[in-house]
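S.K.: I am attaching a structure below and will ask some questions about it afterwards.
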Amino acid sequence: MDGQKKVKVAVVGLGNMGAAHVQMIFNAADAEIVGVCDIDKDKADRVASGCNAPAYYCHTDLFENSGLEAVIIAVPHYDHEPIAIEAFSRGIHVMCEKPITVHVNGAVNMIKAYEESKNKYPDLIFGIMFQERTSPYYQKIKDVINGGELGRLTRVTWINTAWFRSQAYYDSGGWRATWAGEGGGILTNQCPHNLDMYQWLFGMPATVDGFAHIGKYHDIEVEDEVTAYFEHESGLIGHFIVSTGECPGVNRLEIVGENGTLLCQHGTLTFFRNRMSMLKYSRETDSGFSPVENWETKIPYNQGQTAGHSVVNGRFFKSILSGQKDLTAFGEEGLNQVMLANAIMLSSFDGRRVALPLDGQPYEEKLADLIKKSKYVKSSGAKESSDFESSLTR
């Protein structure tokens with residue numbers, strides 16, 4: 001569309017995800033790539049040549065010289081915070097890859113810096129890449145819950161072990177699966193979307209009990225299997241079970257309410273609808289053993305709906321151009337996900353139940369101690385994963 005105004009966008013961090021963002025921007029009708037940045041000069045030069053944009057090797061140089069209006073941050077997790085904060089201070093719009101950062105204190109710092117920068121740049125936009133919210137599958141689940149079809153929720157069990165990763169994957173990057181480089185394992189890398197989905201669908205629990213296994217399946221110093229138990233003020237309980245070691249893995253979400261059970265698996269939504277509330281039936285029936293009658297129903301949803309990273313980016317670009325903030329997920333919403341992850345790990349480390357909202361200081365201190373005492377030696381020489389696309393949706 002000739003003459004259409006386009007957002008000038010740059011990408012910082014050109015690994016698998018960053019390179020994918022570059023391609024998305026290159027193909028977008030309302031955005032143009034004005035710079036790519038990575039501390040790996042060869043990588044930056046290679047990506048730059050493919051999209052006909054300048055290469056930068058330092059984000060401050062990019063911010064000062066590229067003429068960008070917005071930046072997509074796709075660097076290792078610890079660097080999200082300083083790069084985003086500097087972008088805010090310059091009035092640069094930010095789309096941050098998940099997770100917002102490694103710990104609650106870092107997320108709070110980012111959100112505070114954003115709010116302060118809006119005093120000078122009131123139209124500043126801060127988004128986070130929670131693309132699973134665009135999935136018609138999860139949108140329909142949310143619609144069913146919000147529509148009251150299930151009634152009062154009593155239990156949620158999410159078993160998501162379809163995150164298999166080999167030792168070669170963990171060896172493929174020096175920062176992967178280390179406390180100093182990545183800040184955690186499956187909760188920090190693979191499952192931020194699942195944790196966001198949990199709180200997006202069901203709200204935040206009041207307490208968390210976490211059980212994390214460090215290097216159970218792999219030669220790593222971080223968690224590769226986690227079981228968590230959540231209790232909500234409403235009486236809802238939740239189970240969250242994830243692993244990168246199981247093969248074959250499953251992704252099975254059970255949502256139990258008084259009016260029935262919604263089973264979400266293999267892209268199918270099956271509603272076992274009770275003829276009446278199980279809570280009411282339990283109080284009123286004369287039978288000691290017979291369950292309430294129920295019927296199995298398949299719930300349709302628009303499987304052809306466009307979803308994913310490009311949708312999130314598109315809404316980001318449109319919001320910048322229109323001045324109307326209509327994002328898939330606002331940056332501030334990244335706090336709940338990292339709070340759940342931190343609470344699970346802190347509970348596991350301390351062997352105790354953790355109450356929310358979480359004071360970020362104890363976990364940040366624990367993380368610093370893990371980094372300081374680490375004697376883990378990273379294997380080297382493995383290549384980056386070549387099947388990146390297959391890892392994106394769980």
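The values are calculated or read from the model by the stated rules, or taken from the named source; none is laboratory data. Remember, it's a predicted structure, so these values are computed and weren't measured experimentally. A quick note on method: Cβ atoms are made from the backbone with ideal geometry, for glycine too, and the neighbour counts reach across all protein chains shown. These area figures cover heavy atoms from the full protein model, side chains too; ligands, DNA and RNA do not enter into them. Shrake-Rupley method; radii C 1.70, N 1.55, O 1.52, S 1.80 Å.
S.K.: Quick one: if the Förster radius is 30 Å, what FRET efficiency do Ser287 and Arg152 give, using the C-beta to C-beta distance and rounding to 0.05?
M.R.: On the way: r = 22 Å, r/R0 = 0.73.
According to the calculation, E is roughly 0.85.
S.K.: Please give the per residue accessible area of the stretch 196-238, computed with a probe of 1.4 Å over protein heavy atoms only, in Å². Before the final figure, lay out each step's value.
M.R.: Working: 1550 Å² over 43 residues.
I get 36 Å² per residue for the stretch 196-238.
S.K.: Counting DSSP beta bridges in the chain, what percent are antiparallel, to the nearest 5?
M.R.: Details: 42 of 67 bridges.
Just about 65 percent of them are antiparallel.
S.K.: Separate question: What is the percent carbon and sulfur in the accessible area of the stretch 1-70, measuring with a 1.4 Å probe over the protein chains and ignoring ligands?
M.R.: Ligands and nucleic acids excluded, carbon and sulfur give 49 percent.
S.K.: Rounded to two decimals, what is Rg over Rh for the chain when you use alpha-carbon atoms and the Kirkwood radius? The partial results should precede the final answer.
M.R.: Working: Rg = 22.1 Å, Rh = 22.3 Å.
Expressed as Rg/Rh, it is 0.99.
S.K.: Give me the extension gain from Glu365 to Thr207: residue separation times 0.36 nm, minus the current Cα-Cα distance, reported in nm with one decimal.
M.R.: So the extension gain works out to 54.8 nm.
S.K.: Another question, then. Arg46 label point, 7 Å along Cα→Cβ, cut-off 20 Å on backbone N: hits in the stretch 148-188?
M.R.: Only 168-176 pass the distance filter.
S.K.: Continuing with the same structure: So, in the stretch 66-217, how many Lys pairs have Cα atoms under 26 Å apart, if the pair is 8 or more places apart or on different chains?
M.R.: Values: Lys98/Lys112; Lys98/Lys118; Lys98/Lys140; Lys98/Lys142; Lys98/Lys216; Lys112/Lys120.
Lysine pairs meeting the criterion: 6.
S.K.: With θ set to phi - 60° and the Karplus curve 6.51 cos²θ - 1.76 cosθ + 1.60, what are the ³J(HN,Hα) couplings of the stretch 352-367 in order, to the nearest whole Hz, using x for Gly and Pro?
M.R.: Working through the residues one at a time gives 8, 6, 10, 8, 10, x, 8, 6, x, 5, x, 6, 4, 5, 5, 5 Hz.
S.K.: Ignoring ligands, DNA and RNA, how do Phe349, Phe88, Phe164 rank by accessible area with a 1.4 Å probe, largest first?
M.R.: Numbers: Phe349 65, Phe88 0, Phe164 95 Å².
Most to least solvent-accessible, the answer reads Phe164, Phe349, Phe88.
S.K.: Using just the C-alpha positions of the stretch 44-183 as equal point scatterers, what log10 of I(q)/I(0) does the Debye formula give at each q in 0.13 1/Å?
M.R.: -0.82
S.K.: Over the stretch 1-45, consider all pairs of different Cα atoms and compute the Kirkwood hydrodynamic radius from their mean reciprocal separation; express it in Å, one decimal. Please list the in-between numbers first.
M.R.: Values: mean 1/r = 0.0909 Å⁻¹.
Computed over the stretch 1-45, the radius equals 11.0 Å.
S.K.: For the stretch 114-155, taking Cα atoms only, what is the radius of gyration to one decimal and the Dmax to the nearest whole Å?
M.R.: Rg, Dmax (Cα atoms, Å): 17.0, 46.
S.K.: Using Cα-Cα distances under 8 Å and only pairs 6 or more residues apart, what relative contact order does the stretch 92-171 have, in percent?
M.R.: 31 percent
S.K.: Right, here's the next one. Which order do you get for Phe211, Phe330, Phe230 if you rank them by accessible area with a 1.4 Å probe, largest at the top? List each step's numbers first, then the result.
M.R.: Values: Phe211 115, Phe330 65, Phe230 0 Å².
Putting Phe211, Phe330, Phe230 in descending order of accessible area: Phe211, Phe330, Phe230.
S.K.: On to the next question. Please list Thr306, Thr328, Thr285 in order of solvent-accessible area, largest first, computed with a 1.4 Å probe with all protein chains present. Walk me through the numbers before you get to the answer.
M.R.: Details: Thr306 100, Thr328 20, Thr285 45 Å².
So the residues, ranked largest to smallest area, are Thr306, Thr285, Thr328.
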